[in-house]
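Here is the structure we will look at.
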Amino acid sequence: MQITKQFVIAGNAKFTVSNVDGIRFAYQVKSTSRDADANRQGMFLVYTFADNGRRLYVGRMNSHTGLVTIGRRSKVDESSLLFQVIRWTCNVLWLGNAFPPGYQAEPVGRCGRCGRKLANPRLLFGPECRPDHICRSRPRRARMYC
């Protein structure tokens with residue numbers, strides 16, 4: 001299952017982008033705030049993962065345009081393949097285009113909103129976090145992140 005724009009801006013999306021040559025990059029796009037009003041402002045943090053599994057800051061993403069920019073504390077520069085891949089991926093998603101043959105952007109088996117492990121790793125959201133579901137088992141403030 002390919003990722004969607006809605007998945008990327010859900011609040012805690014983890015996904016991989018790969019091509020036919022087997023080159024694969026893992027990313028996390030995380031909300032800057034747990035507050036739903038702040039999320040509407042449209043800024044998300046973009047991370048990647050090093051070989052040792054540690055998370056590295058890449059930059060910020062504007063959820064209205066899909067533009068990824070380098071942050072002050074970024075561990076990569078604009079010319080790196082790591083940065084170019086996430087920028088290209090967001091551009092494809094925000095324009096509503098399909099990925100070219102051989103290129104894939106797939107979820108890693110965790111809910112895009114809360115980050116919990118999914119029973120079906122091909123899904124984008126868990127049953128309580130689906131965009132069309134209102135979670136009633138959590139306090140009102142945390143409903144978006146159930």
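Every number here is computed from the coordinates shown, using simple stated rules; none is lab data. Computed from a predicted structure; not experimentally measured.
Before moving on, here are some points about what is shown:
- Considered as an equivalent ellipsoid built on the Cα gyration tensor, region 84-134 has semi-axes of 24, 13, 10 Å, the largest given first.
- Counting 0.36 nm for each residue step from L67 to S79 and taking away their Cα separation leaves a gain of 2.8 nm.
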